[in-house]
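Chemist: To start, I am sharing the structure in question, which I have written as structure tokens.
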Amino acid sequence: MKNVAVLLSGRGSNFIALAEAIKQKEILAEIVAVISNRSNSTGLNYARTKGYPTWLIPSRGKSREAFDQEVASRLKTTGTEIVCLAGFMRILSPLFVQMFPQRILNIHPSLLPSFPGLHAQRQAIEWGAKISGGTVHFVDEKLDHGPIILQQSVPIMDDDDENSLSERILDIEHKIYPEALRLICRNLIKIEGRKVLRLD
Ligand code: GRF
């Protein structure tokens, strides 16, 4: 059993996908903390109503380091081993990343290294790409940059807009994020440089 914390800022559909897979015992993990930096996060409210240990840690008006330190302290007290970013709209400081080396995961709505950053789906459409997808990766000190754990592609249709493509990608996000966490909790991957190798 691995102790997992989820950091989110908004809707929380990826959190729900992870929580469901854990509840179904597909993933050998326990969610020991759900932390949001935004009070109006529907993901945080969902976690509250379902009885998960939740914390609102506002980020506004704090330096990056001060906020990260607050989050890190909370993670330490909950015995967090793995951190899942799930729509967490903050860039983490190098100090925070170094506290959980190769133990922070993120999901990004494009096939990295294409279209990092905000509005990845819109970027893909505007570029005229014919496929996009989702990426689960380890977090390192650069944005949307760490070793890739899993990716899955989806087609981009001529009549797609940001919403329709986001929905198509979200569907596969909800599959690859739980699968990536499952592999990690079962120690079924190893990292060699930029490469994440599967041991199963
Ligand atoms: C997802 O598209 C994820 O890839 C990105 O932020 C969005 C979060 O959605 N990092 P949700 O809050 O999990 O529903």
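The values are calculated or read from the model by the stated rules, or taken from the named source; none is laboratory data. This structure is a prediction, so every number in the text was calculated from the model and none was measured. Note that we place each Cβ from the backbone using ideal geometry, even for glycine, and neighbour counts take in every protein chain shown. All accessible areas refer to the heavy atoms of the entire protein, side chains included, with ligands and DNA or RNA removed. Shrake-Rupley method; radii C 1.70, N 1.55, O 1.52, S 1.80 Å.
Chemist: If we keep just the residues of the range 131-145 that are open to solvent by 30 Å² or more (accessible area, probe 1.4 Å) and within 27 Å of ALA5 (Cα to Cα), which is nearest to the ligand (Cβ to nearest atom)?
Modeler: LEU143
Chemist: MET157 is checked against (1) surrounded by fewer than 15 Cβ atoms within 10 Å (Cβ to Cβ); (2) within 21 Å of ARG194 (Cα to Cα) and fails just one. What number does that condition carry?
Modeler: Here MET157 meets the rest and fails (2).
Chemist: Can you find a residue that is touching a Lys or Arg at 6+ places or on another chain (Cβ under 9 Å), surrounded by fewer than 19 Cβ atoms within 10 Å (Cβ to Cβ) and acidic (Asp, Glu) anywhere in the range 26-35?
Modeler: yes
Chemist: Next up: So if I check each of ILE148, ILE107, ILE189, which one is away from the ligand (no atom under 16 Å from the Cβ) and closer than 24 Å to LEU28 by Cβ?
Modeler: ILE189
Chemist: In the list ILE16, ILE27, ILE35, ILE22, which residue meets the criterion of being within 20 Å of CYS185 (Cβ to Cβ) and away from the ligand (no atom under 16 Å from the Cβ)?
Modeler: ILE27
Chemist: Kindly indicate the residue of the range 48-73 that is among the β-branched types (Val, Ile, Thr) and out of contact with any Lys or Arg (no Cβ under 8 Å at 6 or more places or on another chain) and also surrounded by the most Cβ atoms within 10 Å (Cβ to Cβ) among those meeting that condition.
Modeler: Ranking the candidates gives VAL71 first.
Chemist: Of all residues in the range 9-25, which are in a helix (DSSP H, G or I) and open to solvent by 70 Å² or more (accessible area, probe 1.4 Å)?
Modeler: The one that is in a helix (DSSP H, G or I) and open to solvent by 70 Å² or more (accessible area, probe 1.4 Å): LYS23.
Chemist: Residues of the range 38-47 being open to solvent by 70 Å² or more (accessible area, probe 1.4 Å) and within 14 Å of the ligand (Cβ to nearest atom), which ones?
Modeler: ARG38, ASN40, THR42
Chemist: Criterion first (among the β-branched types (Val, Ile, Thr), within 12 Å of the ligand (Cβ to nearest atom), closer than 21 Å to THR135 by Cβ and within 13 Å of the chain's Cα centre (by Cα)) does ILE82 satisfy it?
Modeler: No: the conditions fail for ILE82.
A quick yes/no check of all residues on (1) at pLDDT below 95; (2) farther than 27 Å from GLU167 by Cα; (3) open to solvent by less than 70 Å² (accessible area, probe 1.4 Å):
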position	(1), (2), (3)
LEU75	no, yes, yes
PHE115	no, no, yes
ARG122	no, no, no
ALA129	no, no, yes
